[in-house]
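Got a structure for you, written out below as structure tokens; questions coming shortly.
The values are calculated or read from the model by the stated rules, or taken from the named source; none is laboratory data. Fair warning: this is a prediction, and the values are worked out from it, not measured in the lab. Glycine also receives a Cβ, built like all others from the backbone with ideal geometry; neighbour counts cover every protein chain displayed.
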Amino acid sequence: MAEDGKSQIYSPQSGGYSNVKQEQYSQYLSKLNADFIDSWNENSESNAHESDFDRIKILGTGAFGVVVLVRHIISQKYYAMKMLEKAKIVKLRQIEHSFYEKKILCGLNFPFVVYMKFFFKDNVYLYFVLPFIAGGEMFAHLRKMGKFEETSAKFYGSQVILALEYLHSCDLVYRDLKPENIMIDRTGYIKITDFGFCKLIRGRTWTLCGTPEYLAPEIIMCKGYGMCVDWWSLGILLFEMSAGHPPFYATDPMRIYEKIISGKYRCPSHFSAELRDLIGHVLQIDITRRYGNLKNGVLDFKNHKWMKDIDWDGILSGRILPPFIPKIRYPGDTANFEDFGDEKFKQSSRCINEVEFADF
Ligand SMILES: Nc1ncnc2c1ncn2[C@@H]1O[C@H](COP(=O)(O)OP(=O)(O)O)[C@@H](O)[C@H]1O
Ligand SMILES: [Mg+2]
């Protein structure tokens, strides 16, 4: 046991995750699923206003807007506020995705994903106010360190597996797994952010979206696809965390797609045999052979030999010692984020795209 009562990732006595345990865990997930569906059917009302927050610093930027560190004036608490510009959403034909992002964030409740604290809109933007995850992107830490030790990759990977299992049990396909969307919180555990491509599906969907290096072959080949695109991207993530680069890599996206469809990749020589074996089972072009999509479902991960020592309950309840704890000197410290400078926020006296976002 470590000083703070947390134990090491390895729990030699765990002896695998039994069917009975999985059965019990599925009941817990069914309860979370019922809560999610209640929230989905509820249609929450906007619960804050732009003037309730002081804007402090830009934390990140994307295709449709920016994420800003803000301070809620009344409570003095810090949050990450994602601002999406309505005109850009309409131009890039992402209206439906922005509604999904809002409704999904409102219903999420799991230790390894963010959730919606407040939301509202004004004449120019839609606003999602989320807990501020101060440790920064996994991406930044991974690039700084070059690659992670396999024990660290396992620690993060196990949380991603539990998060995907939770999302899938709510009929949500995530579709944008990558180190840029995985935040490290102050305890050293992860929180997945960015639900911009997440969607509630029963059956299949067809939209081409995601990030080139992480796209499953069935998305590239414009086939209908389902939840198992997320398991493919988990395979890419496990590889990238442990190697420092993704398995299918090129400067030109078309070349990346060719490589993905060929299914051929090379593991660095330092990969353990167990990690190679697991990645081999996940990066399967044939979805009837892909881990996560077989008859044992997520148990194939929970019982794989690379993960056999993981104490899954310990991970879920945060009892396992993380590989590192980010340096956060004070609440609202942005040292773990890149500097994006200032952004000119738009204002308008007229409500832009009022009709399209009337129900937001
Ligand atoms: N809750 C959060 N706490 C801290 N930073 C965040 C949070 N959510 C997002 N960010 C930062 O903002 C970036 C962009 O946010 P994201 O939701 O991924 O938008 P996009 O859809 O544009 O990729 C993230 O990669 C991360 O650096
Ligand atoms: Mg993102």
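Would you confirm whether any residue within the stretch 77-95 is closer than 20 Å to Pro131 by Cβ, within 16 Å of ligand 2 (Cβ to nearest atom) and in contact with a helix residue (DSSP H, G or I) (Cβ under 7 Å, 6 or more places away or on another chain)? Walk me through it before giving the result.
Of all residues in the stretch 77-95, those closer than 20 Å to Pro131 by Cβ come to 77-84.
Those left that are additionally within 16 Å of ligand 2 (Cβ to nearest atom): 80-84.
With in contact with a helix residue (DSSP H, G or I) (Cβ under 7 Å, 6 or more places away or on another chain) added as a condition, the list becomes 84.
Looking for residues that are closer than 20 Å to Pro131 by Cβ, within 16 Å of ligand 2 (Cβ to nearest atom) and in contact with a helix residue (DSSP H, G or I) (Cβ under 7 Å, 6 or more places away or on another chain), one finds at least one in the stretch 77-95, hence yes.
Just checking, how many residues over the stretch 158-203 are among the hydrophobic types (A, V, I, L, M, F, W, C), crowded, with 20+ Cβ neighbours inside 10 Å and either closer than 18 Å to Cys106 by Cβ or over 13 Å from the mean Cα position of the chain (by Cα) (or both)?
8
On to the next question. If you check Lys147, Lys103, Lys178, which single one turns out to be under 25 Å from Leu321 (Cα atoms), away from ligand 1 (no atom under 15 Å from the Cβ) and modelled with pLDDT of 95 or more?
On inspection, the qualifying residue turns out to be Lys147.
Continuing with the same structure: Please state which one of Ile201, Ile190 is in contact with a helix residue (DSSP H, G or I) (Cβ under 6 Å, 6 or more places away or on another chain), among the hydrophobic types (A, V, I, L, M, F, W, C) and at pLDDT 95 or above.
Among Ile201, Ile190, only Ile190 is in contact with a helix residue (DSSP H, G or I) (Cβ under 6 Å, 6 or more places away or on another chain), among the hydrophobic types (A, V, I, L, M, F, W, C) and at pLDDT 95 or above.
Could you list all residues from the stretch 220-264 that are surrounded by fewer than 20 Cβ atoms within 10 Å (Cβ to Cβ) and among the charged types (D, E, K, R)?
Lys223, Asp252, Arg255, Glu258, Lys259, Lys264
Which pairs turn up if I take residues in the stretch 48-71 that are within 15 Å of Gly136 (Cα to Cα) and touching a residue at least 12 places away in the same chain (Cβ under 8 Å) and look for partners that are buried (at least 22 other Cβ atoms within 10 Å of the Cβ) and of a type in the set (D, E, K, R) with beta carbon separation below 6 Å, at least 6 apart in sequence or on another chain?
Val67/Lys82
Could you grab me the full set of residues in the stretch 140-166 that are aliphatic (A, V, I, L, M), within 20 Å of Leu130 (Cβ to Cβ) and away from ligand 2 (no atom under 16 Å from the Cβ)?
Passing the criteria: Leu162, Leu164.
Where in the stretch 58-171 are there helices (runs of 4 or more DSSP H), lying fully within it, with 2 or more residues that are under 30 Å from Trp312 (Cβ atoms) and out of contact with any strand residue (DSSP E or B) (no Cβ under 6 Å at 6 or more places or on another chain)?
Where helices (runs of 4 or more DSSP H) fall fully within the stretch 58-171 and carry at least 2 residues being under 30 Å from Trp312 (Cβ atoms) and out of contact with any strand residue (DSSP E or B) (no Cβ under 6 Å at 6 or more places or on another chain), they are 95-107, 138-145, 150-169.
Answer yes or no as to whether Tyr115 is within 19 Å of the chain's Cα centre (by Cα) and surrounded by fewer than 19 Cβ atoms within 10 Å (Cβ to Cβ).
Considered against the rule, which asks whether it is within 19 Å of the chain's Cα centre (by Cα) and surrounded by fewer than 19 Cβ atoms within 10 Å (Cβ to Cβ), Tyr115 comes out as yes.
While we're looking at this one, here's another question. Is it fair to say Leu200 is in contact with an Asp or Glu (Cβ under 6 Å, 6 or more places away or on another chain) and more than 12 Å from ligand 1 (Cβ to nearest atom)? Before the answer, list the steps.
Numbers: in contact with an Asp or Glu (Cβ under 6 Å, 6 or more places away or on another chain): yes; more than 12 Å from ligand 1 (Cβ to nearest atom): yes.
Criteria met by Leu200.
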